[in-house]
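The values are calculated or read from the model by the stated rules, or taken from the named source; none is laboratory data. Model, not experiment: these values are computed from the prediction. Note that each Cβ is placed from the backbone with ideal geometry, even for glycine, and that neighbours are counted across all protein chains shown. Side chains included, ligands, DNA and RNA excluded: accessible areas come from the protein's heavy atoms. Shrake-Rupley method; radii C 1.70, N 1.55, O 1.52, S 1.80 Å.
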Amino acid sequence: MATVDLKDVCKVYAGGVEAVKGVSIAIPDKALCVLVGPSGCGKSTLLRMIAGLETISAGSCAIDGKVVNTIGPTERDIAMVFQNYALYPHMKVYDNMAYGLRNRGTPKDEIDARVRSTAKTLELEHLLERRPRELSGGQRQRVAMGRAIVRNPKVFLFDEPLSNLDAKLRGQMRVEIKNLQRSLGVTSVYVTHDQLEAMTLADILVVMNAGLVEQSGSPLDIYEKPASTFVASFIGAPPMNLLPLRSGHLEGAVTLPPVPASASTLGFRPEDCEIRTEGADAVADGALRLLVEVEGVEPVGAESFVYCRVGGERMVVRVPGRVEIKPGDQLRTYARQEKLHFFGSDGKRV
Amino acid sequence: MSPRVVFPNTFLPYLLVAPQLAITLVFFYWPASQALYQSMLREDPFGLSSRFVWFANFRKVLSDPNYLNSIEVTMVFSTATAAVALSTALLLAVMADKVVRSRAIYRTLMIWPYAVAPAIAGMLWLFLFNPSIGSLAYGMRWLGINWDPLLDGRQAMVLVVAAAAWKQISYNFLFFVAGLQAIPKSLIEAAAIDGAGETKRFWTIVFPLLAPTTFFLLVINTVYAFFDTFGIIHAVTGGGPGKATETLVYKVYNDGFVNLILGDSAAQSVILMVIVIALTAIQFRYVERKVHYG
Ligand SMILES: Nc1ncnc2c1ncn2[C@@H]1O[C@H](COP(=O)(O)OP(=O)(O)OP(=O)(O)O)[C@@H](O)[C@H]1O
Ligand SMILES: [Mg+2]
């Protein structure tokens, strides 16, 4: 129904804080764009600028091809789900959902029909007569979603909508949000600092750091080809192992494949690393071979994380199933050449 | 609500509240019971003896047209005072909420009138609006208004209401500012996104959420108008002209200390006491049930 185009958007707060320093993102129609990044990197600020809740200091924001810089939140035809849900405490669930429609002068029977059908989709029918304080956290979250959906806006904005839920419910709601967004086909911007949420939800993933976009693209592309050490260490759990290279050498390496001249950091994912105590020759030529000392093992059921130390640096290996490894063991680990990532001294991929 | 602390010891709690109980008994219950007793006595014209007359004083007071007039005056006066004080304070608080720069100074200035003693406040208004020397009265006459609160009962009422409300505005303002700050900003933002303009947001979100504060202030203001405005009325109009601004409290004073009809005056104060107890009871009931959203 609408595209969202940000061009060199900047935000300087009244106190002089530069929260967003020139961000350009083009979100196509019906896409779900996830903004992810560490705390304080400007995600909420960016989202609030799209909503019209913060002024845009420089650059432009266009919704559906129309620049909305000077248009207030009331006229932008967007809906937002807040982290604390921001339900109107003095209104029943029904009125919370109907409020936006009433303000826009929708006829009464249409309001009723829309509220009830939305409530049905979200399984809120039996809660319509309750006040927000009489709901559980998960139910409040659904009402907040319902309030956004019922209006049928051009764009959905979500600011960490699931961060107040427990892990299990969060997983459920994540799937549900994704399905809803797909079936409604509403362009959405979703802010989170949970990288798992970001990976699973996004059509377009935007990794932000200190007010700038570090990388944007499809989640798997970003996972497979992180553009910088920041992205590499932010996306993926546990994060990518990053080991410093000193003039082309790596401490603790038994064999090291050819290293690009400008590389100063070597990276590989914990799951791209194997542990083998014998049959070293079975490993393809040109693989990275490391001699590591085990510091600890974390079995989590289906897989185990082996925390190791190599040449004074820490790294993690992700092994399927259980392992018979004890702290203090000396191990050989291998990573295929094509699974290696190299980063320059500025942190950028080479 | 946090769970109650339970003292296993039965004696200690009483000991701890004893000073408070003693003060309440000596300074509240004892005078109150004296008033109750006095309200059933009638003195002879020379004040030499008194006899017990049961409820005769009440019957006399309640059938006295002057007293009924006083009730009416009090109703008009307290409703008007509370309404003016509340609405002005709310307006100022909403505007203060929008002030970005030197907010603190603005708020502090708004609070000052509260520190002015009632009689002084009354004098202030009296001087400003005195028909012969008041500067504002001069202005009003210049505007063509026939301003003479010393003769016109209605104008006198306007004057005392203005003075009484002026005094209470700062207090209300403080509470409204705090109440406004307690409303989460995200609610206002959500309402804006939901398509509500500023006026609509105020009436559908802000005002309902301020209801607990407003109701609390309504009771406080009514009680204030009933009981604490004696100084202002005394200074500004002295209950006149005629009995146009003679409120219940003022009449208690007039009958008791000026006219020395002690029995009637005591009966009136007992009636007042009943009124204040009723008001407080309503407040507790209503505040706890209706206007809390949690
Ligand atoms: N109203 C404000 N005035 C001044 N500075 C602000 C304001 N709001 C946010 N900031 C600053 O702007 C920067 C970005 O804040 P923002 O809320 O966008 O971060 P975020 O990425 O959403 O973080 P989080 O994940 O913790 O929510 C921070 O440094 C913050 O201190
Ligand atoms: Mg945020």
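A few comments on the model shown:
Listed here are the residues, each with its yes/no results for (1) within 10 Å of chain B (Cβ to nearest Cβ); (2) within 28 Å of B:Ile205 (Cβ to Cβ); (3) at pLDDT below 90.
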position	(1), (2), (3)
A:Val20	no, no, no
A:Leu47	no, yes, no
A:Gly52	yes, yes, no
A:Ile56	no, yes, no
A:Ile63	no, yes, no
A:Leu87	yes, yes, no
A:Asp95	yes, yes, no
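- Qualifying residue in region A:27-37 (condition: open to solvent by 50 Å² or more (accessible area, probe 1.4 Å), within 16 Å of ligand 2 (Cβ to nearest atom) and more than 14 Å from every other protein chain (Cβ to nearest Cβ)): no
- Test: residue in region A:189-198 that is part of a helix (DSSP H, G or I), open to solvent by 20 Å² or more (accessible area, probe 1.4 Å), over 14 Å from A:Val81 (Cα atoms) and assigned by TED's automatic domain parsing to the domain that holds A:Lys120: yes
The rows are residues; the columns are (1) part of a helix (DSSP H, G or I); (2) over 20 Å from B:Lys251 (Cα atoms).
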position: B:Trp30; (1), (2): yes, yes
position: B:Tyr37; (1), (2): yes, no
position: B:Phe77; (1), (2): yes, no
position: B:Val100; (1), (2): no, yes
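- Looking across region B:253-274, just one residue is in contact with an Asp or Glu (Cβ under 9 Å, 6 or more places away or on another chain), part of a helix (DSSP H, G or I) and of a type in the set (A, V, I, L, M), and that is B:Leu262.
- Members of region B:105-151 that are under 19 Å from the mean Cα position of the chain (by Cα) and aromatic (Phe, Trp, Tyr): B:Trp112, B:Tyr114, B:Trp125
- Residue identified as touching a strand residue (DSSP E or B) at 6+ places or on another chain (Cβ under 6 Å), within 13 Å of chain B (Cβ to nearest Cβ) and on the phi < 0 side of the Ramachandran plot among A:Arg147, A:Arg151: A:Arg151
- Of the criteria (1) away from chain B (no Cβ under 14 Å); (2) surrounded by 19 or more Cβ atoms within 10 Å (Cβ to Cβ); (3) away from ligand 2 (no atom under 16 Å from the Cβ); (4) not in a strand (DSSP E or B), which one A:Lys178 fails: (2)
- Within region B:122-142, residues that are β-branched (Val, Ile, Thr) reach partners that are in a helix (DSSP H, G or I) and modelled with pLDDT of 80 or more with beta carbons closer than 9 Å, at six or more positions or on different chains, in the pairs B:Ile133/B:Phe127.
- Members of region A:37-92 that are touching a Pro at 6+ places or on another chain (Cβ under 7 Å) and closer than 20 Å to A:Ile204 by Cβ: A:Ala51, A:Ile78, A:Ala79, A:Val81
- Only residues that are assigned to a loop (DSSP other than H, G, I, E, B) and away from ligand 2 (no atom under 13 Å from the Cβ) were counted in region A:38-61, giving 4.
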